[in-house]
Each structure stands twice: as structure tokens, then as C-alpha cells.
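Visitor: Please read through the structure below; I'll follow up with questions.
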Amino acid sequence: KGDLTSNMFRATGELTLGWKNFGLFVRGYAFYDFENEDGDRLRTDLGSNALDQVGSDAKLLDAYLSARFTVGEVPLQLRLGDQVVNWGESRFFPGGGVDVANPLNVPLFQQPTSTLRDLRIPVGMLWGAAQVTPTLIVEAYYTYDWQKSELPATGTYFSTNDGIFPDGKFIQAEGFGNQFGTDLSAFFGIDAEALEAVGILPFDPNFYQIDTRLADDNASDSGQFGITVQSIIPSWNDSKIALHFARYHANLPSFGIVGPPLDTYVTGYSVQGIDKLKRELIREGAGPLKASAAALITSLSGALNSAAYLTSYPEDIDMLGLSFNTTTLRTGTAYFGEIAHHFDAPLSVHAGDVLPAIIPGSTREAPLPPVDLEVWSLEELARDFANVRTDPIIFTDKTFSLFGATQLFGPQLGASQALLNVEFAWLHIWDMPDPDVTYLAGPGLAVTDFGPSSLFATEDSWGYRIGGALVYTNVFGGVNLRPSIIWAHDVDGISPAGGGPFLEGRKALTLGLQAQYLTRMKVNLAYTEFSGGGAQNLLSDRDNLSFSITYDF
């Protein structure tokens with residue numbers, strides 16, 4: 001608290017070349033963060049992905065060739081290379097509606113010097129647009145380079161998952177232990193010599209962890225495409241209506257787990273093996289209650305240690321959407337909206353409901369029972385559990401809809417211009433699973449957490465965002481001032497983890513002030529406060545103050 005989390009220098013450059021009807025556009029950046037690259041870490045060392053995100057990096061973003069020509073009387077545009085395709089109308093809810101062509105770069109967008117252009121990752125695609133009539137445009141793309149969304153890596157300030165996010169090496173089960181290891185002698189109240197005598201480490205660096213991460217199961221580079229038909233209606237104040245279709249692969253990770261080997265079920269986490277370990281501890285001088293606890297818990301820890309996990313990215317999700325924008329003549333209010341239906345979208349199941357696929361006999365009431373070898377045969381264990389991969393995902397339709405408005409008020413409060421932008425969004429999950437059978441995961445839940453159902457994902461969830469700004473021109477010496485506010489509120493319901501943006505009660509407030517000098521130099525100061533959402537709001541302790549100076553030339 002109160003520490004510096006970033007102290008960086010960044011350069012962003014663009015190059016545009018043209019020859020006849022052809023063009024080349026290249027955009028890239030380089031940055032160096034002295035705090036994250038050179039500073040001492042108090043907790044988690046930064047891995048290679050984290051250092052690329054917040055330490056130092058140089059990378060091309062957009063890099064594409066373009067061409068303009070006419071076929072008959074139809075003007076055509078083509079682009080080939082790494083690029084961004086912007087569909088939809090949302091300013092505050094990226095990636096949830098019709099805007100599915102590009103993954104998100106969350107860490108780059110969270111840098112103090114970022115702009116909205118940093119949010120989307122350009123990907124390799126062939127894009128084309130044809131103006132069929134003066135009021136009808138057809139646009140299509142085919143992607144040949146799938147990329148995952150970039151999420152905050154383990155150890156970075158905004159990281160909320162040390163398991164499946166970049167650089168994650170283990171999953172720490174809730175209830176016992178921590179990532180720095182556990183003194184089991186003190187934990188159980190048993191002498192270290194007694195633990196060592198029965199093969200238990202007195203200090204276990206991997207206690208209660210799944211500490212083997214397998215290679216990501218990435219999606220294919222092929223198979224993603226989209227088409228949109230946009231119509232401008234002159235009689236409706238040049239309103240634009242667009243129909244969209246896209247097939248895309250998931251760019252957010254889903255969790256998968258591989259069960260322990262057969263030996264773990266037979267000797268490590270069986271009723272018989274635990275009872276044998278308990279008797280050995282008693283012979284070494286441990287009391288019966290302490291011996292029982294140590295035998296059970298260390299055996300479970302060993303079972304977790306011998307399991308493995310991975311992330312996967314399901315393919316071939318279809319999206320059908322409609323968007324519009326229009327402006328009223330009387331007030332100049334700009335209205336916009338979209339609705340997107342995603343077919344067979346992957347949604348994460350609460351990991352606790354997957355335990356029966358890994359631990360024989362597991363239930364919500366008793367999620368971690370030892371294996372009774374008098375009930376389960378070796379053939380059953382080998383066939384159904386040992387080294388078996390389980391992906392806790394269901395595929396069901398979801399619909400995301402959004403409506404918003406933007407209003408310019410003209411001179412207000414001494415400012416030359418006042419701006420207000422409001423967006424309401426709603427997510428509906430179709431064929432929601434029966435909660436008596438399966439819970440969809442919400443953010444911030446422990447594997448064995450089966451608390452009140454309000455903690456889990458709900459069929460419907462919604463919230464709103466408000467952004468406002470005042471513009472004071474030529475306040476002094478050619479300096480313009482722009483105070484701003486952004487308010488985010490998730491009102492009701494919980495979106496499935498990775499499947500939507502809402503957590504009931506979560507709020508965020510950003511107050512900003514920008515000073516601009518002669519259009520080239522900008523100084524930005526902003527404070528962001530996160531609140532609400534209870535313990536599941538994993539950003540509730542990440543309030544921050546940012547300051548940046550930008551010069552364009």
C-alpha cells in the first residue's frame with residue numbers, strides 16, 4: 001500500500017506509406033519500466049511473461065498492406081496483415097458483444113500511458129469491404145493467425161489469478177498452506193523427526209498445490225471469419241444499422257485438470273493408505289487425533305501434487321448480432337446499441353463440481369473423500385480416474401445486449417463543452433444448468449466453496465457505465481483542461497467466470513484531469529477506486545493513482 005507499482009518510459013510510433021492505390025501501415029511500441037524491471041520484489045518474482053508485460057518490451061502492433069480499387073462501379077478496399085476490426089458500438093464493454101474479431105491486451109491497456117487503441121491485439125487477417133450502393137456496405141474478414149487475450153501475468157499489480165494467467169505455475173488449494181511453503185511440524189503439532197520418519201516433509205514448499213502445469217491447448221490458426229452488412233438510412237437522420245455474423249475461437253482461457261496416476265489412488269490417497277500412515281505416525285509418538293489429521297491432509301496434498309492442470313481455448317463459436325447508431329436532430333443526442341447471440345459459448349463450471357470426475361465418491365457435502373479400495377476396483381480407477389483429463393466447461397448459448405447514449409451539452413459550468421456518455425448492458429445465459437447438479441463458476445471462488453447460491457453465476461446479470469467530461473479551452477497560455485469521471489456499477493447478477501463482465505455490487509470510480517498544450521503535449525492525472533462485490537471482487541485492494549506526460553511529434 002502506497003508503493004510505486006510502475007515508473008515507465010514508452011514510445012509509440014506509426015508509419016504510413018502510399019503509392020497509387022496501395023498503402024502500408026505499421027504501428028509499434030517500446031517501453032521500459034524502471035520499477036518493474038529493476039526494482040526489488042517484496043512477494044512474487046516476475047517471470048518472463050510478466051517482464052514482457054510490465055518490465056520492458058518492443059513489439060509491432062498493426063502491420064498491414066492495403067489497396068483501393070473499383071470493380072465495375074463498386075469501390076473495394078482490401079487489407080492484408082496484422083490489423084484490428086472494430087465492430088459494434090460499445091465504449092465500455094469490449095469483447096462481449098459483436099466485437100469478437102480481436103483479442104484484448106489488458107496489461108498494455110492498464111499502463112499509465114495507454115490509449116483505447118492499446119486495448120485490442122491486431123491479428124493476421126485478410127479484410128475487405130465493398131460499397132455496393134451509396135447506402136449499403138458489405139465487409140468481411142478471414143483470420144489466419146489466432147491469438148489469445150493477454151491477461152495480467154502472475155506477480156503484476158493487476159493480476160487476479162496466479163494459476164491460469166501467464167507465468168502461473170501452480171494452483172493453491174484453499175484452506176491450507178500458502179505459496180511460500182508450510183511448516184507442517186508446527187501446523188500439525190508433531191515433531192519434525194516423527195514426520196521425517198514416515199516420509200512427510202517437515203517443511204513442504206508445495207503443500208496443498210497442484211504444481212504441474214501442462215502446455216496450453218491453444219486454438220487453431222484457421223477457421224475464424226466474419227461478415228457484416230451495414231445500411232445507412234438517410235430518412236432516419238443517416239442512422240446506421242448493421243447485421244453481423246462471425247465464427248471465432250475463444251481467446252480467454254478455460255481450465256482443465258488431469259487426474260493423478262493410479263498409484264496415488266491406491267497407496268497415496270486411499271482409506272487403507274491413510275490408515276497405514278496414521279498408525280506409523282502413532283508409533284513415532286504422535287497423538288491419535290494429530291496423527292489422523294496429518295495422515296489425511298498430507299495424503300490429500302500428495303494427491304494434489306501428483307495431478308496436473310492446463311488451459312484450453314474452445315473453437316468454432318458462432319455469433320449473430322445486430323447493431324445501430326443514430327442521432328436526433330432536436331437534441332443532437334447520439335443513441336447506439338447492439339445485441340449479440342453467441343451459439344455454444346464455452347462457460348466454466350465451478351471447479352468443485354468437477355471433483356467427482358477426479359476423486360471417486362466426491363460430493364458437495366464431502367468433496368474430498370479418500371478412496372476406499374474395497375468399493376473401487378483397480379480397473380475402475382485406471383479407466384475412469386487415473387491420468388484422465390477433465391475439462392469443466394459447458395457449451396450453451398448466451399446473449400449480450402447493450403444500449404447507450406452520448407450527449408454534448410455545449411457550454412456548462414464555465415466550460416466550453418460538456419460531454420456525457422451512458423451505457424447499460426445485460427447478459428443472459430440460455431439453458432442455465434440446474435444448480436442442484438452444476439454451478440457455473442463466478443470469480444474468486446475456492447474449489448470446495450459451496451456457499452450460498454448467490455455466490456455463483458446467475459442466468460441474468462447487468463450493469464451500467466457512465467462517463468463524463470468538461471473541456472476548458474485556453475485556460476492559460478494555450479493550455480486546455482479536461483476533468484473527467486468514469487463510474488462503473490454491476491447492479492445485479494453474476495456473469496460466469498470468463499463469460500461476462502458483471503459481479504453484483506462491484507463498483508469502480510475513476511477521476512481524471514488532463515492538461516493539453518497546443519495539441520502536442522498532454523499531462524494526465526487519474527485516481528481509480530474499486531469497491532463492492534465482497535470477497536469475490538479481486539480488485540478491491542488495487543486502488544491506484546496514475547500520472548503521465550505524453551508528447552506527440
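Rule-based calculations on the coordinates, nothing more; no lab input. None of these values were measured; they are calculated from a predicted model. Cβ placement follows ideal geometry from the backbone for every residue including glycine, while neighbour counts extend to all protein chains displayed.
Visitor: Once phi is turned into θ = phi - 60°, what whole-Hz ³J(HN,Hα) does the Karplus curve with 6.51, -1.76 and 1.60 give for every residue of the stretch 67-74, x standing for Gly and Pro?
Guide: Listing the rounded values in order: 8, 10, 7, 10, 10, x, 10, 9 Hz.
Visitor: What pairs from LYS59/LYS148; LYS148/LYS522; LYS148/LYS169 go past 23 Å between their alpha carbons? Spell out each step's value before the answer.
Guide: Details: LYS59/LYS148 16 Å; LYS148/LYS522 32 Å; LYS148/LYS169 18 Å.
Pairs exceeding 23 Å: LYS148/LYS522.
Visitor: Over the stretch 1-83, what is the relative contact order in percent, taking alpha-carbon pairs closer than 8 angstrom and at least six residues apart? Walk me through the intermediate numbers first.
Guide: Values: 142 pairs, mean separation 23.4, N = 83.
Taking the mean separation of contacting Cα pairs over the length of the stretch 1-83, I get 28 percent.
Visitor: Can you pull the one-decimal nm distance between simple spin-label points at ALA197 and ASP45, each 7 Å off the Cα toward Cβ?
Guide: Inter-label distance under the simple model: 3.7 nm.
Visitor: Roughly how many Å is it from the Cα centre of the stretch 508-553 to that of the stretch 248-277, as a whole number?
Guide: If you average the Cα positions of each part, the centres end up 43 Å apart.
Visitor: In whole angstrom, and with the biggest value first, how far do the Cα coordinates of the chain range along each principal axis?
Guide: Principal-axis extents of the Cα atoms in the chain, largest first: 87, 52, 44 Å.
Visitor: Considering amide H positions built from the backbone, and no H for Pro or chain starts, which residues 5 or more places from THR333, or on another chain, come under 5 Å of its amide H?
Guide: Result for THR333 returns THR328.
Visitor: Let me ask something additional. Work out from phi, with θ = phi - 60° and the Karplus expression 6.51 cos²θ - 1.76 cosθ + 1.60, the ³J(HN,Hα) of each residue of the stretch 475-486, listed in order in whole Hz, and give x for Gly and Pro.
Guide: 5, 7, x, x, 9, 9, 10, 9, x, 9, 9, 10
Visitor: In terms of modelled amide H atoms, which long-range or inter-chain residues lie less than 5 Å from the amide H of ASP397?
Guide: Hits under the 5 Å cutoff: ASP344, ALA345, TRP430.
Visitor: Which residues in the stretch 374-411 place their backbone N less than 15 Å from a point set 7 Å from the Cα of THR326 along the Cα-to-Cβ direction?
Guide: Output list for this probe position: 403-406.
Visitor: Taking every pair of alpha-carbon atoms in the stretch 1-139, give the share separated by more than 20 Å as a whole percent. Before the final figure, lay out each step's value.
Guide: Numbers: 5686 of 9591 pairs.
Pairs farther apart than 20 Å: 59 percent.
Visitor: Next question. If we count other beta carbons within 10 Å of each Cβ, what is the order of PHE400, PHE553, PHE165, PHE547, fewest first?
Guide: Values: PHE400 28, PHE553 4, PHE165 21, PHE547 10.
The fewest-first ordering by Cβ neighbours comes to PHE553, PHE547, PHE165, PHE400.
Visitor: Separate question: Give the Debye-formula value of log10 I(q)/I(0) at each listed q (0.23 Å⁻¹), with one equal scatterer per alpha carbon of the stretch 1-83, two decimals each.
Guide: Taking Cα atoms of the stretch 1-83 as identical point scatterers yields -1.04.
Visitor: Which whole-Hz couplings ³J(HN,Hα) result when phi for each residue of the stretch 380-387 is put into the Karplus expression 6.51 cos²θ - 1.76 cosθ + 1.60, θ = phi - 60°, listed in order with x for Gly and Pro?
Guide: Once θ is set to phi - 60°, the couplings for the stretch 380-387 become 5, 4, 5, 6, 9, 10, 5, 6 Hz.
Visitor: Counting only the backbone N, which residues of the stretch 223-265 are under 14 Å from the spot 7 Å out from the Cα of THR135 toward its beta-carbon?
Guide: 230-242
Visitor: First select every other residue whose beta carbon is under 15 angstrom from the beta carbon of VAL198; then total the charges, Lys and Arg +1, Asp and Glu -1.
Guide: On the way: positive: LYS276, LYS278, ARG279, ARG283, LYS290; negative: ASP191, GLU193, GLU196, ASP204, ASP275, GLU280, GLU284.
Residues close to VAL198 contribute a combined charge of -2.
Visitor: Mind listing the long-range amide H neighbours of ASP221? Cut-off is under 5 Å, sequence gap 5 or more, other chains count too, H placed in the peptide plane at 1.01 Å from N.
Guide: TRP146
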